[in-house]
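Trainee: One structure, as structure tokens, below. Some questions next.
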Amino acid sequence: MPTIRFITTDVFTGVRFGGNQLAVIPDAQGIPEELLLPIAREFNYSETTFVYPPEQPGHTRRVRIFTPGGEVPFAGHPTIGTAIVLAVTGEISAWDGEARIMLEETVGPVPVVIRGVHAGGGWAQLSAAKMPELGPPVPSRSMLAKMLGLVTDDIMATSERPQAVSCGLPFLIVPLTSIKAVSHARVNLERWEETLANAWASMIWVYAADPETAERHYRARMFAPGISVPEDPATGSAGVTFAGYLAARARTRTGTLAWTIDQGVEMGRPSRLEIEADKADGAITALRVGGQAVLVSEGTMGF
């Protein structure tokens with residue numbers, strides 16, 4: 001029976017059993033196409049990555065990303081986690097200070113910087129392949145509140161307002177008035193199906209400023225029932241999109257802006273995402289998300 005090697009890692013955390021779980025298949029050559037989704041479903045993590053040789057000269061690897069619901073063109077924690085796994089296992093060289101690699105994903109080439117590699121993990125940061133794209137108008141605050149089990153006043157209506165945004169994956173960004181509202185949010189599936197199931201952005205990112213921590217610090221949660229992820233403990237693709245959302249509203253016209261996000265708290269898997277945005281004369285020119293990852297397990301699977 002053929003076997004494949006896998007490595008699991010917790011991403012956007014420096015300790016095991018926190019952050020977002022990821023399964024990495026460092027060499028997916030030879031796995032039949034029809035088995036990729038069943039393998040992802042067997043792990044049943046929010047994502048599993050399958051790594052192949054690059055298709056373009058000068059690139060490092062090609063990476064395909066699967067949720068239990070199917071393949072996605074881009075995702076943050078799988079990109080960060082895969083890069084660190086490849087570095088720790090010696091598949092790529094990143095033990096001497098810093099490494100810069102290019103991962104081919106369906107969304108396009110994704111640059112990744114890797115630092116601080118050690119036997120148990122490391123730190124990495126990706127740059128978004130696409131700048132923010134704004135989606136169509138979103139449901140009203142009252143409709144969103146009902147879908148999230150909240151009251152209308154829990155949803156902000158200032159310059160920070162609900163908006164659909166994509167940097168490769170579309171998210172409906174919903175600003176809430178308090179950390180308490182973030183913790184109380186629950187997706188009503190029936191109302192979600194009525195309002196968002198067929199929308200341009202069906203994945204929901206709720207957030208609020210955290211007044212008890214440093215400035216530019218947020219608490220967030222992400223719900224994606226449409227791809228079989230009821231809630232995600234750490235979502236890099238949403239984080240980098242959120243950086244674009246915040247940068248568009250920032251008064252700074254030129255320079256680098258940085259924020260931190262705590263996610264996964266309500267799930268018992270606390271995660272820390274570090275996001276950045278570059279602006280020049282008011283235009284967003286680059287978006288990044290980074291964080292730590294730790295290796296958890298290694299094994300083989302027959303197919």
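Trainee: Of the residues that sit in region 219-242 and are of a type outside the set (D, E, K, R) and assigned to a strand (DSSP E or B), which one is farthest from the chain's Cα centre (by Cα)?
Mentor: Pro230
Trainee: Within the bounds of region 94-115, is there any residue that is of a type in the set (S, T, N, Q) and more than 24 Å from Arg5 (Cβ to Cβ)?
Mentor: Within region 94-115 (the criterion being of a type in the set (S, T, N, Q) and more than 24 Å from Arg5 (Cβ to Cβ)), the answer is no, since none of the residues qualifies.
Trainee: Could you please find all residues in region 88-109 being more than 22 Å from Glu47 (Cα to Cα), modelled with pLDDT of 90 or more and either in contact with a strand residue (DSSP E or B) (Cβ under 9 Å, 6 or more places away or on another chain) or acidic (Asp, Glu) (or both)?
Mentor: Residues satisfying the conditions are Ala99, Arg100.
Trainee: Take Val85 and tell me if it is at pLDDT 95 or above, assigned to a strand (DSSP E or B) and within 23 Å of Ile4 (Cβ to Cβ).
Mentor: No: the conditions fail for Val85.
Trainee: Quick one: would you say Pro78 is outside the structural domain of Ala247 (by TED's automatic domain parsing), within 29 Å of Ala185 (Cβ to Cβ) and not small (Gly, Ala, Ser)?
Mentor: For Pro78, the condition - outside the structural domain of Ala247 (by TED's automatic domain parsing), within 29 Å of Ala185 (Cβ to Cβ) and not small (Gly, Ala, Ser) - is met.
Trainee: Report the residue count in region 110-161 for those that are modelled with pLDDT of 95 or more, out of contact with any strand residue (DSSP E or B) (no Cβ under 8 Å at 6 or more places or on another chain) and either outside the structural domain of Ser202 (by TED's automatic domain parsing) or on the phi > 0 side of the Ramachandran plot (or both).
Mentor: Final tally of qualifying residues: 1.
Trainee: Then there is this: Can you tell me which of Glu104, Glu47, Glu98, Glu71 is more than 28 Å from Phe171 (Cα to Cα) and among the acidic types (Asp, Glu)?
Mentor: Selected residue: Glu98, the only one of Glu104, Glu47, Glu98, Glu71 that is more than 28 Å from Phe171 (Cα to Cα) and among the acidic types (Asp, Glu).
Quick grid of which residues meet (1) more than 23 Å from Val72 (Cβ to Cβ); (2) among the charged types (D, E, K, R):
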| site | (1), (2) |
| --- | --- |
| Pro225 | no, no |
| Pro230 | no, no |
| Thr235 | no, no |
| Thr254 | yes, no |
| Val265 | yes, no |
| Arg269 | no, yes |
| Arg272 | no, yes |
| Asp278 | yes, yes |
| Gly299 | yes, no |
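Trainee: I need the full set of residues from region 258-276 which are over 13 Å from the mean Cα position of the chain (by Cα) and either part of a strand (DSSP E or B) or within 19 Å of Val294 (Cβ to Cβ) (or both), in order please.
Mentor: Scanning region 258-276 gives Ala258, Trp259, Thr260, Val265, Met267, Gly268, Arg269, Pro270, Glu276.
Trainee: Would you call Thr48 within 19 Å of Val294 (Cα to Cα), assigned by TED's automatic domain parsing to the domain that holds Gly18 and within 16 Å of the chain's Cα centre (by Cα)?
Mentor: So Thr48 fits the description; yes.
Trainee: May I ask you to verify whether Phe74 is in contact (Cβ under 8 Å) with a residue 24 or more places away in the chain, surrounded by 24 or more Cβ atoms within 10 Å (Cβ to Cβ) and in a loop (DSSP other than H, G, I, E, B)?
Mentor: yes
The values are calculated or read from the model by the stated rules, or taken from the named source; none is laboratory data. Keep in mind the model is a prediction, meaning the values are calculated, not measured. Using ideal geometry, Cβ is built from the backbone for each residue, glycine included, and neighbour counts are taken over all protein chains shown.
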